[in-house]
Ligand SMILES: *Cc1c(COP(=O)(O)O)cnc(C)c1O
């Protein structure tokens, strides 16, 4: 497999030079005061970038994003809860499966492929004794970015805990835990942070820690949040973490904060996103009409050529765009706007698209 490809994928994404530099060093031993100090700094910077309250806490898990989704659900909810899941694609379905496996009662608010989430959808679930709401704020399968203010208002009205899978929206779109009363935020190393995969983080509000996590008896050894919360006080994790990725994280968070914080990083992603979308206006493609994240453009073709186009770019041009699984995959690819990509890279991709359509 060729590794010097240009990645227009949402995770792993095209890594930044400074991350590659960090990756080139020996991975050190980690039960040391120096590593603990770095972890405390990682925790602090994450709270700043997610706009979390200072008494929030971070769980650092060595797992992919789905592992963190499952861990977060298991540690916050049980069979005495009743959850509402916004289910608008394969990631929403993943939350449904997690609840099924762990016997947590839920209803799914299912959306069609081209259907935007509206206040009317949510209103029909008012006053139904739910205890929490789960949402993949950017449903990466379709590209839809749900309206967090609308979801926050619904949760507030109905006194629900709000758990957000922000894996593909953090550092791509604005994100504010405090402003929107978010109790749990799930993020992962390989998406907006553009690091190697393997690290996921769950940022927890004080209220969900005290009212849910600390009152639950854990049903898992590896995913016991009480254990992680105890250990992070001394800047450690219960088990060996992905030490190398945590160094990449420290480097990346420091860089982002030095360069102006989350807003300025989001601005860069948005600029690439708007540039690409304006350039494809003249092509025989379209974007769905619901609100979109800046992370990716879910490009829809007029014919079922998506897989052929994907293979052509990969094999002939060493360019990787994101294919789409399932039904949508025949006519749709996704082009990411995160990672170390320049406008010239998008010029090149658009030229390839033009060339392919006239071939
Ligand atoms: C990428 C992603 C995940 C995590 O997938 P993993 O393959 O387990 O890392 C979860 N939710 C969303 C919305 C994602 O985009």
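Rule-based calculations on the coordinates, nothing more; no lab input. For clarity, every value in this text was computed on a predicted model and none was experimentally measured. Cβ coordinates were reconstructed from backbone atoms using ideal geometry, including for glycine residues, and neighbour counts include every protein chain displayed.
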How many residues, within region 273-315, are touching a helix residue (DSSP H, G or I) at 6+ places or on another chain (Cβ under 8 Å) and exposed (fewer than 13 other Cβ atoms within 10 Å of the Cβ)? 2
Regarding region 322-334, can at least one residue be identified that is farther than 18 Å from residue 168 by Cβ, part of a loop (DSSP other than H, G, I, E, B) and touching a residue at least 40 places away in the same chain (Cβ under 8 Å)? no
Would you tally the residues in region 95-124 being more than 18 Å from residue 212 (Cα to Cα) and surrounded by fewer than 21 Cβ atoms within 10 Å (Cβ to Cβ)? 19
When region 239-254 is examined, which residues are found to be surrounded by 17 or more Cβ atoms within 10 Å (Cβ to Cβ) and assigned to a loop (DSSP other than H, G, I, E, B)? 241, 242
Sole miss for residue 128 among (1) touching a helix residue (DSSP H, G or I) at 6+ places or on another chain (Cβ under 7 Å); (2) exposed (fewer than 15 other Cβ atoms within 10 Å of the Cβ); (3) more than 25 Å from residue 292 (Cα to Cα) is condition (1)
Inspect region 136-154 for any residue being in contact with a strand residue (DSSP E or B) (Cβ under 6 Å, 6 or more places away or on another chain) and without any contact (Cβ under 8 Å) to a residue 40 or more places away in the chain and give the result as yes or no. yes
